[in-house]
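To start, the structure itself, in structure tokens.
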Amino acid sequence: MHPTVKITSRWSLRLILMLATLLSGPLFMAACSGLNASQDWHTADRSSSGLAPTPQQAPEAIVQVYAARAFSWRGYFAVHTWIATKAANADTYEVHEVMGWRRDKVRTGPGLPDRAWYGNEPTLLADIRGPAADRLIPAIKDAVARYPYRYEYDAWPGPNSNTFTAWVIRAVPGLDVALPNIAVGKDYLEAPFVAETPSDSGFQVSAFGYAGVLASLREGLEINLLGLSFGLDPLALGIKLPGIGQIGLLDPWQPDSDSLDDGQEIVQPSPQA
């Protein structure tokens, strides 16, 4: 066999193996997760999950970050993330998120903070209350208004809803939240292609979300190839798999019993969040 043919065959085989490895997680989710990819978005559940207190139950300022499996077959690959805020003594929450079908992709306004994302239950990633939340809310609203991709949207590899959440988190000092590795689009970076991680505990390098590396205390180590991330979380003794998410023995983000009045942040990622 000609040497050129050998080299081409070898690299073709490697590419096929890499793609098979990256897609094994989403294929597993399609086969075993129970996600309903055929549901109609008109009738899909959008009710409150009960994770957020009502304004009457909690008059203090609140900032929360959520993730839920994306709608339809996209849920095999990724989650959709959003931010909810409530000023002290306000009678409603405001929800800040990106929706790809709008001309102005950024939706910000009154809404249920913890509603299902078209049939998929949300997971609470961060819950900040009291004076700390009171200080964060003006900065969050300012960052939302400055989001640079509000008229751009690409489900893969970004900018998308997870790009928005990650961008706002990075832009707001003190809003330090580790996003799930399956928040496809969170790693979308333009030049100079280097940024702090959303948790503000490390750094990452990424070329438009197609390929990159992330290393931090909170997120651990993540390698992004074609928008799909895998890696290790030493603190949680866990692994991160494309499509599946994080599987670990410990939850390093879960606090013991500190009071939320001190602005304690709660991060509660599940293995499939």
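The values are calculated or read from the model by the stated rules, or taken from the named source; none is laboratory data. Because the structure is predicted, anything quoted here is derived from the model rather than measured. In this analysis, Cβ positions are derived from the backbone assuming ideal geometry, glycine residues included, and neighbour counts consider all displayed protein chains.
The criterion of being more than 20 Å from R74 (Cβ to Cβ), buried (at least 24 other Cβ atoms within 10 Å of the Cβ) and touching an Asp or Glu at 6+ places or on another chain (Cβ under 9 Å) holds for P198.
Among the residues of segment 94-130, count how many are part of a loop (DSSP other than H, G, I, E, B) and either more than 17 Å from A70 (Cα to Cα) or not acidic (D, E) (or both). Residues in segment 94-130 being part of a loop (DSSP other than H, G, I, E, B) and either more than 17 Å from A70 (Cα to Cα) or not acidic (D, E) (or both): 15 in total. Go through segment 31-67 and give me each residue that's out of contact with any strand residue (DSSP E or B) (no Cβ under 7 Å at 6 or more places or on another chain) and either of a type in the set (D, E) or part of a strand (DSSP E or B) (or both). If the condition is that a residue be out of contact with any strand residue (DSSP E or B) (no Cβ under 7 Å at 6 or more places or on another chain) and either of a type in the set (D, E) or part of a strand (DSSP E or B) (or both), then D40, D45 are the ones that fit.
Restricting the first member to segment 39-56 and to residues that are in contact (Cβ under 8 Å) with a residue 60 or more places away in the chain, and the second to residues that are outside any loop (DSSP other than H, G, I, E, B), the beta-carbon pairs closer than 6 Å and six or more apart or on different chains are R46/R115; S48/R115; L51/L124.
Among the residues of segment 205-231, those identified as surrounded by fewer than 18 Cβ atoms within 10 Å (Cβ to Cβ) and either polar (S, T, N, Q) or in contact with a strand residue (DSSP E or B) (Cβ under 9 Å, 6 or more places away or on another chain) (or both) are V205, Y210, A211, V213, A215, L217, L221, I223, L225, L226.
Residues that are outside any loop (DSSP other than H, G, I, E, B), acidic (D, E) and either out of contact with any helix residue (DSSP H, G or I) (no Cβ under 8 Å at 6 or more places or on another chain) or surrounded by fewer than 24 Cβ atoms within 10 Å (Cβ to Cβ) (or both) are absent from segment 155-178. I'm trying to understand the selection: among the residues of segment 144-154, which are outside any loop (DSSP other than H, G, I, E, B) and within 17 Å of the chain's Cα centre (by Cα)? Within segment 144-154, V144 is the sole residue that qualifies. Checking P242, P271, P255 one by one, the residue that is modelled with pLDDT of 90 or more and either more than 20 Å from W82 (Cβ to Cβ) or crowded, with 21+ Cβ neighbours inside 10 Å (or both) is P242 and no other. Is it the case, given these coordinates, that A133 is out of contact with any Phe, Trp or Tyr (no Cβ under 9 Å at 6 or more places or on another chain), assigned to a loop (DSSP other than H, G, I, E, B) and at pLDDT 95 or above? So A133 does not fit the description; no.
Any residue in segment 59-70 that's surrounded by fewer than 24 Cβ atoms within 10 Å (Cβ to Cβ): show its pairings with residues that are of a type in the set (F, W, Y) at Cβ separation under 6 Å, as long as the two are six or more apart or on different chains. If the second residue must be of a type in the set (F, W, Y), the pairs left are A68/W117.
Condition check ((1) touching a strand residue (DSSP E or B) at 6+ places or on another chain (Cβ under 8 Å); (2) more than 20 Å from L189 (Cβ to Cβ)) across all residues:
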residue	(1), (2)
V98	yes, no
R103	no, yes
D114	yes, yes
Y118	no, yes
P122	yes, yes
Y147	yes, no
P157	no, no
N160	yes, no
F164	yes, no
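Per the listing A166, A207, the residue uniquely hydrophobic (A, V, I, L, M, F, W, C) and over 28 Å from L35 (Cα atoms) is A207.
Any idea which residue in segment 83-98 is surrounded by the most Cβ atoms within 10 Å (Cβ to Cβ), counting only those that are under 14 Å from the mean Cα position of the chain (by Cα) and more than 12 Å from I137 (Cβ to Cβ)? Here the residue is V98.
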